[in-house]
Amino acid sequence: METFEVPAEVPSPAPRLDAWLAAAVGISRERAKRLIAEGSARGEGGAALSGKKPVEPGMKIFLDEPPPEPAGLVPQDIPLAIVHEDDSILVVDKPAGLVVHPAAGHPDGTLVNAVLHHCPGVLSVGGEMRPGIVHRLDRDTTGLLVVAKNDAALAALQTAFKAGTVRKTYLAVTCGVPEPAAGRLETNIGRSPRDRKKMAVVEPPAGKPAATDWKVAEDFGESALLRVRIHTGRTHQIRVHMASIGCPVAGDRDYGSAAADSVLPFRPGRQMLHAWRLALPHPATGETLCFEAPPPPDFAGLVAALRAKNAKRSPAARD
């Protein structure tokens, strides 16, 4: 059993107990919440604690951390395209069709199952069904994703994402060319009032703030290749924002349409969205690491076809 004591001087307002304990122990806040709820973290005399209440100067917390329980997840030998790995993080290039973590309809065969086969120790990191997962990509979105290999790394990465020190840049092919060629969208995104399975731009106070920057990298006349940077991580953010300005992501069955895709040489089998670059502070050293993953063949093939189609247009049309 370990004892943690709140110092005599605490910030004002005082932090919640779960947040303070997470920082003191070097674990994720979610794990700290669970330890408190399960009674593994108690006050003096074995008193039960509330993670929501602020800490008090001199307060003592006694932690008897139990061994990790089986999460009901099975390691599966699913190939991983590893871009970088060290003692703290694993960076992978996720292919299309691979779900990040188990969910309804996808009990296994996910990136998490593949990660557990590669590094079993991740099982005890963070949430039961999302061990090591800091951020996600949609099933048919490809590209870079970082996984935390221990609780300290998970906590540090979660803090970095919230602080905006992680930079995520995507490549997207859109049906239509955004005007102006570079800009920012700042809206709220929440559940669509018309279809609860989809997201939509909604009026505050509904939804949550979302900010997306775009820049046209190549203009193909009726479509474009964009570089997109997101400052928030809302569900389907890029797809929703691009569709909201009349330039849906190519091949997007949820927020685009066959009519929108008709400007393309062929209709892609998935949304043409790729997490291209990822820059983040290393959770152990603080050093900024930058990674890049080239687009997969289907994405690169569509871009090549669009370039060829654009080259056949008259100079006047291209201008």
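Just a few scattered comments:
- Cross-link pairs exceeding 24 Å in C-alpha to C-alpha distance, out of LYS162/LYS208; LYS33/LYS149; LYS33/LYS197; LYS94/LYS168; LYS149/LYS197, comprise LYS33/LYS197; LYS149/LYS197.
- Ordering LEU144, GLY233, CYS290 by the projection of their Cα atoms onto the charge dipole of the chain, which places +1 on the Cβ of Lys and Arg and -1 on the Cβ of Asp and Glu, puts GLY233 at the extreme positive end.
- Reduced Cα scattering model of the range 167-318, Debye log10 I(q)/I(0), q = 0.15, 0.17, 0.18 Å⁻¹: -0.80, -0.99, -1.08
- Note that the chain shows a convex hull volume over its alpha carbon atoms of 157 Å³ per residue.
- The calculated FRET efficiency for the pair SER50 and MET1, based on their C-beta separation and a Förster distance of 25 Å, comes to about 0.80.
- Magnitude of the charge dipole for the range 167-318, about its Cα centre and with charges confined to Cβ atoms of Lys, Arg (+1) and Asp, Glu (-1), is about 220 debye.
- Three-way shape label, the range 2-63, alpha-carbon gyration tensor, a/c 1.5: oblate
- Per-residue ³J(HN,Hα) for the range 247-258, Karplus 6.51 cos²θ - 1.76 cosθ + 1.60, θ = phi - 60°, Hz, x for Gly and Pro: 10, x, 5, 4, x, 6, 6, 8, 10, x, 6, 4
- Placing a label point 7 Å from the Cα of ASP86 along the Cα-to-Cβ direction, the residues of the range 251-294 whose backbone N falls under 11 Å of that point are 281-290.
- Note on SER244 and ALA217: the extension gain reaches 7.7 nm, defined as 0.36 nm multiplied by sequence separation minus the Cα-Cα distance.
- Using a simple spin-label model with pseudo-atoms 7 Å out from Cα toward Cβ, GLU38 and GLU203 lie 4.6 nm apart.
- Stretched out straight at 0.36 nm per residue, the stretch from GLN76 to ARG229 would grow longer than its current Cα-Cα span by 51.8 nm.
- Dipole of the chain [Lys/Arg +1, Asp/Glu -1 at C-beta], most positive-end residue of PRO79, VAL112, MET199: MET199
- Cβ-placed point charges (K, R +1; D, E -1), dipole of the chain about Cα centre in debye, nearest 20: 1240
- Most positive-pole-ward Cα, GLN271, VAL216, ALA300, against dipole of the range 167-318 from beta carbon charges: GLN271
- Given charges at beta-carbon only (K, R positive; D, E negative), |dipole| of the range 82-163 in Debye: 200
- A simple spin-label model places pseudo-atoms 7 Å from Cα toward Cβ; at ALA258 and ARG136 they are separated by 3.0 nm.
No lab work stands behind these numbers, since they all come straight from the coordinates. The structure presented is a predicted model; accordingly, all values stated were derived computationally and were not measured. Reconstructed Cβ throughout: ideal geometry from the backbone, glycine too, with neighbour counts over all protein chains shown.
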